[in-house]
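This report concerns only the one structure given below.
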Amino acid sequence: MGVDYILFKTVNENNYLYSYNNNQIVFLHPIMHFLLNLNKRNIEINKWVKKNVKRIYEIKNVGKFTKSDFEYYLKKIDFYLDNGYLKDYNIQNTQRYNADNIKFQLANTNQVSFEVTDSCNLKCEYCVYGEYYVNRDKPMNINLNSEIAKKTLVYLVNLWNSSLNRSHKKMIAIGFYGGEALLNMDFIIDIVNYSKKITLKHSYFSYHMTTNGVLLDKYIDFLVENDFNISISLDGGLESNNKYRKFPNQQSAFKVIYKNILLIQNKYPEYFKRRIGFISVLHNQNSEKEIYNFFNYKFDKTPLVLNLDTDSINPDLIDEFKKMQQTDMDSISDIRFNKFKKTHVVGNVVDFTNFVFTYSGYVKNNYLGLLSNKRESKLPTGTCETFSRKIFITARGKILPCERIGHQFKVGSVNEKDIQLNFEKIANQYNGYFDKIDQLCNKCFLKNSCGVCMFKQKIESKDVYCNSFKDYGKMVNLFSINLSYAEQNNEMYYRILNKVNYE
Amino acid sequence: MNNENQWLFIEPYVVITINDKKALFYNSLNGEKLEYSNSSKIYNLAKRLNSNKNSYIVKLSKIDMDDFEIYKFAKNIRNLFIGDLVNTSFSQLKPFQFKPILNIQKGVYFLKKSKDFNVGRHMMQYLNELTLQLNEKCSLDCINCDSYYKQFSFCTKSNKISNELDINQIERIIEDIKGTSMQKIKIIGGDIFKYSELEELNKFLNKYPYLIEYYIQYKNLYLNLDMINVFNESNSLNILVNGDIDFGILTAITELLQKKGLNVSFSFVTSNNNECGKIEEIISNIGIENYTIRPFYNKSNLSFFKENVFINKKDIFEEKPTLNDIFIRQTINQINFGKLLIKSNGDVYSNPNDIKLGNIKIDTIYDSVFNEMDSGRSWWSIRTKVKPCNKCVYNLICPPISNYEIYTKRYNLCHIHR
């Protein structure tokens, strides 16, 4: 399916055109909008003007215009036509992976993350390993064997030191996640010490951890000594905000966690400033505003605010799950823009930022994107390229491209003896998903600029469904909403283009 | 045109540049332009239009529209599709125009600010051309031997004849550039035929998918005709012709190269009009088809450069750079970007006129690319950063800074700023 242009009006009655081919939005005179609308309906506009516009013509609800006005805009439309603004544009989703692509991404990955254990000392209600979710292996108190992690590191170091790696003086993050990572501290100490003996040609390691904070008082000295970046999960500054974060005996964990945070702040104030961060889950017991205010005021920190994961909810518990969700859509944030939002809390800034990045035509990924300025064939959907960001190893030795997707999407496995990572097989696995979802993408007007992760779209089911699918009408709405926002907040555009960085 | 209040707007494909003296509106689709001096009312209007607050749209009152200068400007921008007018009564709020502002997500600006990444991020993908100086030995004594290569691709020799790039070093470099966007490897000397392992090197390089281009002074080729079989049809030979041309030798090697069916081009060096005329005559007499005549600045031929190299306003606009060309020109030097030169002593440069980035005997090629990304000059040499171009209203439209300009340290090889 090819698409040419989108015509839309804002709530303030201004008219615009978005050209798919030129990836540019232009403000239009009402006559031009009127004529292009006729053009959209396959009416020959030159003939139409000749026939219908004598001396004066009234465009309904707009005003009266002269014949020469119409003739000028016919010329301008010709100019747009000559310069590709109305040209049919069909980016091909024909690109597919081969084994070399996958290997290349792994040689350039930014992070290796270990699910240190699937055990946890809390029983948070919304945990992705809990009863609400059906796409993760159920916890069986399995600790990841450090020999498996070492095997993985040896394998990866070969790639990172190879000429497939394109970066230099690069930080590679070793991430420790759980369950609750601190329940397997022996593993963490072993891997940190082991990693220090590794020779990296073009990179260096840094250590990262996400923790519920309960055991931090016990292990903080080691973590500080090794300059860990620690993300502590906490949903706000009140016990009630943390209603879902509790011990297995149903008692609230808030006081214990909060006490440990204060302990670190007092004992290691400089470290606290540099390396401690917070992750909050947004639900019906807190609000974005409360979360931001608490962490800003109390610790001078901007937390990452995450929504409850809505992927693969147990169908039997879906009503109960929905009760937990934050329903105030205006307050829903996105982790990438938290820093930005800290100083510019304005409704819809996140959507508008995404919009500017996608449709202004002025945002380039890198210098090659600037030099080629071509949008050639691409991979379907907006799914991250396999391993381009990270590689994730579960406590059972499953290999995944990301910790946020279901374990059914494993792409390999590792044990004490061997690592099973067949690049060709992975390429075929992904290509199979692409072939399947591409049928849907081909009917979607968002296809050229999709940011959707296919693993969140029931890709393995028979009838693949995409909740971001957009027909022409929905695209008109999308453009209209965002340009209406721009008209009211025009300074935001400059802040976004000058300051916002996805990285 | 309606006489009520109007939104006057500039199209998003138009670039506005303003200096102390002038305002320029450049239509990047059709190359049309409008210029106004600072004494014109439009100069101030351009400043208003270009401000972030107004973002290419200002409101004009009936009184404004009655002003002949503004009326004429509005008429001109409409005729050249640079902008337009819309009666304000058609809308309830000021419209919004996407004024062109470039944002490179993984560009050095953001990478230098990043906590997690640095300028080394994916940097090797930018490397696209490598020049390897195999040696510095040569039996010729060309005048200006030490200067040609600083202005264009050319051989150069020195007294340090022992300098030679070790083939093992070259192999290591080629291994290191596997993940890059490498397109071309240029091989220069000295006299490359005096390189001890030329044949072995060519065999090795031919295993890779890069265009291998050899730069050979024509007299050196003539003296080593028996070695011509080292090259094959996938190589490219650039025959360098400078100084007083020996017609017989040039004819002989041209005929031989034609017979061999090799991919050959010629570079003729000239520093004055007389020489240039003779070169054209020789080219015509021998029947050379694939050639370039390269003006050479010898520090005493400025008038020749003014006549043949300097550009004027017409030249600048004739090229009709697109909006993306302009984005490139405000960010990188497209002539130098992605290129490295490795001299026979191992020193690495992004441009022979610039400072050393590293030495291949001590550092990896990654180190040199990193240094260029982090604090280098050649890849980032743009007109908005150098005098007097930084004050010129055409600095985004003008072609990238050339080696002539870097060599002469004079960035206005033009008839605009004398």
Notebook entry, point to check: What are the ³J(HN,Hα) values, in whole Hz, obtained from phi via the Karplus relation 6.51 cos²θ - 1.76 cosθ + 1.60 with θ = phi - 60°, for each residue of region B:286-296 in sequence order, with x given for Gly and Pro?
Noted result: 7, x, 6, 9, 9, 8, 9, 9, 10, x, 10
Next item on the list: Starting from one equal scatterer on each C-alpha and no solvent at all, send me the Debye-based log10 I(q)/I(0) for region A:370-503 at q = 0.13, 0.14, 0.16 Å⁻¹, two decimals.
Entry: -0.75, -0.84, -1.00
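Given chain B, what percent of its DSSP beta bridges are antiparallel, to the nearest 5? Could the numbers behind the result be given before it?
Details: 24 of 54 bridges.
Of all bridge pairs located within chain B, approximately 45 percent are antiparallel.
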Notebook entry, point to check: Hey, what's the Cα Rg ratio for the protein assembly as shown versus the globular rule of thumb, 2.2 N^0.38 Å?
Noted result: 1.09
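Going through the cross-link list A:Lys246/A:Lys323; B:Lys150/B:Lys339; A:Lys60/B:Lys99; A:Lys123/A:Lys289, which pairs have a Cα-Cα distance over 21 Å in this structure? Spell out each step's value before the answer.
Details: A:Lys246/A:Lys323 18 Å; B:Lys150/B:Lys339 14 Å; A:Lys60/B:Lys99 31 Å; A:Lys123/A:Lys289 26 Å.
Over 21 Å Cα-Cα: A:Lys60/B:Lys99; A:Lys123/A:Lys289.
Going by average Cβ density within 10 Å per residue, which order do the peptides B:80-89, A:49-58, A:259-268 take, highest to lowest? Please report the intermediate quantities before stating the final value.
Details: B:80-89: 19.3, A:49-58: 12.0, A:259-268: 15.4.
Ranking the peptides B:80-89, A:49-58, A:259-268 by packing returns B:80-89, A:259-268, A:49-58.
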Item checked: Hz values of 3J(HN,Hα) by residue in region B:256-268 - Karplus curve (6.51, -1.76, 1.60), Gly and Pro given as x -> 5, 5, 4, 4, 6, x, 7, 7, 10, 9, 10, 10, 9
Note to self: Helix-only estimate, please: 222 nm mean residue ellipticity of chain A, summing -39500 (n - 2.57) across DSSP H runs of length 4 or more and dividing by its residues, to the nearest 500.
What the structure shows: -11500 deg cm²/dmol
Notebook entry, point to check: What is the distance in Å between the Cα centres of region A:431-503 and region B:1-63?
Noted result: 34 Å
Item checked: Alpha-carbon spread of region A:72-150, three principal axes, descending order, Å -> 74, 36, 20
Item checked: For A:Leu306, residues with placed amide H under 5 Å, excluding near neighbours -> A:Ser280, A:Val281, A:Leu282
Next item on the list: Restricting attention to chain B, give the cysteines that have no other cysteine Cβ less than 4.7 angstrom from their Cβ.
Entry: B:Cys138, B:Cys155, B:Cys276, B:Cys389, B:Cys392, B:Cys398, B:Cys414
Note to self: Report, to one decimal in Å, the Kirkwood hydrodynamic radius for region B:337-397 based on all distinct Cα pairs.
What the structure shows: 12.6 Å
Check: Expressed as a whole number of Å, what is the distance separating the alpha-carbon centroids of region B:278-308 and region A:346-405?
Finding: 50 Å
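Sorted by packing (mean other beta-carbon atoms within 10 Å per residue), highest first, where do B:393-404, A:417-428 land? Walk me through the numbers before you get to the answer.
Values: B:393-404: 20.2, A:417-428: 15.5.
Ranked by mean Cβ neighbours within 10 Å, highest first: B:393-404, A:417-428.
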Notebook entry, point to check: If only Cα atoms are counted, what is the Rg of region B:224-289, and what is its Dmax, in Å?
Noted result: 12.5, 37
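Largest first and in whole Å, what are the equivalent-ellipsoid semi-axes of chain A based on the Cα gyration tensor, each being the root of 5 times an eigenvalue? Before the final figure, lay out the partial values.
Values: eigenvalues 457, 148, 89 Å².
So the equivalent ellipsoid measures 48, 27, 21 Å along its semi-axes.
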Next item on the list: Go through region B:224-231 residue by residue and turn each phi into a ³J(HN,Hα) via Karplus (6.51, -1.76, 1.60, θ = phi - 60°); whole Hz please, and just put x for glycine and proline.
Entry: 10, 4, 5, 9, 4, 6, 4, 8
Note to self: Can you compute the radius of gyration and Dmax for region B:126-232, using only the Cα atoms, both in Å?
What the structure shows: 13.7, 40
Next item on the list: Give me a single rounded figure for A:357-364: the average over its residues of other chain Cβ atoms within 10 Å of their Cβ.
Entry: 5
Check: For chain B, rounded, prolate or oblate, judged on the Cα gyration tensor with a ≥ b ≥ c (square roots of eigenvalues), a/c < 1.5 rounded, else prolate if a/b > b/c?
Finding: prolate
Check: Amide H neighbours of B:Gly358 under 5 Å, counting only residues 5+ apart in sequence or on other chains, H built in-plane at 1.01 Å?
Finding: B:Val348
Check: Which whole number gives the average count of other chain Cβ atoms within 10 Å of the Cβ atoms across peptide B:364-371?
Finding: 3
Note to self: Per q in 0.11, 0.23 Å⁻¹, report the Debye log10 I(q)/I(0) for region B:287-368, using one uniform scatterer on each alpha carbon and no solvent.
What the structure shows: -0.56, -1.07
Checklist line | Considering only the protein assembly as shown, percent of DSSP beta bridges that pair antiparallel, nearest 5 | finding: 45 percent
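Quickly estimate the mean residue ellipticity at 222 nm for chain B, helices only: each DSSP H run with n ≥ 4 gives -39500 (n - 2.57), and the total goes over all residues, rounded to 500. Kindly include the intermediate steps, with their values, before the conclusion.
Working: 15 runs with 129 residues, N = 418.
About -8500 deg cm²/dmol.
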Next item on the list: Would you please give the residues with an amide H less than 5 Å from that of A:Phe205, counting only those at least 5 places away or on a separate chain, with H modeled from the backbone geometry?
Entry: A:Ile172
Notebook entry, point to check: Structure shown: which of A:Lys150/A:Lys273; A:Lys40/B:Lys94; B:Lys186/B:Lys299 lie over 29 Å apart, alpha-carbon to alpha-carbon?
Noted result: A:Lys150/A:Lys273
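Computed over the Cα atoms of region A:1-152, what is the ratio Rg over Rh, Rh following Kirkwood?
Numbers: Rg = 29.0 Å, Rh = 21.5 Å.
Computed over Cα atoms, the ratio is 1.35.
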Checklist line | Computed over region B:302-418, Cα set: Rg, Dmax in Å | finding: 15.7, 48
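Bear in mind that the values in this text are calculations on the coordinates, not laboratory data. Values in this document were obtained by computation on a predicted structure and should not be read as measured data. Note that we place each Cβ from the backbone using ideal geometry, even for glycine, and neighbour counts take in every protein chain shown.
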